């Protein structure tokens, strides 16, 4: 999918180059066209990046409800990965739209997810927290979003809801 989108954008760039180099349009119109195509690139990148169903490598939400997971252990074919399907928790309530995330493989997180999946099958909902790893280069750099590989993820049982007093 990303290859086809890249080729489509390359075709738009080719049309832009032809319009800028060989047209008799005024300079202001060529400038507007070049700026428009540049903005279109960033808009398209953000739109493709947020397509539902494709596992994201973005930073996971700070608090989430783990719905399911798939573990791809490292082998000679690749370094392995952990695929988590989560729903963000806001004000103690899960959002209705779950999201898939791809996290680099680690033995500790593999063990936590395995235990969480077993507990989930027993009917105990699992929640997770994701915090930025301390002392990582690039933490706090404005304009740069952290990825899932720059977070420390922990999976545990969802606490029982607190009922209001009568």
Per its Cα gyration tensor (rounded if a/c is under 1.5, else prolate when a/b beats b/c, else oblate), the stretch 2-49 is best filed as oblate
Once both label points are put 7 Å beyond Cα along the C-beta direction, the residue 33-residue 6 separation in nm becomes 2.6 nm
Length gained if residue 162 through residue 107 is fully extended, taking 0.36 nm per residue and subtracting the Cα-Cα distance, is 16.5 nm
Tilt, helix 107-121 to longest principal axis of the chain (alpha-carbon atoms), in degrees rounded to tens, equals 70 degrees
Taking Cα atoms only, helix 27-49 is inclined relative to the longest principal axis of the chain by an angle, in degrees rounded to 10, of 20 degrees
Semi-axes of the chain from the Cα gyration tensor (sqrt of 5 times each eigenvalue, largest first, whole Å) come to 42, 19, 15
For the chain the mean separation of alpha carbon contacts under 8 Å (6+ apart) over residue count, i.e. relative contact order in percent, is 20 percent
Checking rank on 95-101, 55-61, with mean other Cβ inside 10 Å and highest first, the result is 55-61, 95-101
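Where a number appears in this text, it was derived from the coordinates with a stated rule and is not lab data. Here the structure is a predicted model, which is why all the values come from computation and not from measurement. Neighbour counts run over all protein chains shown; Cβ positions are idealised from the backbone, glycine included.
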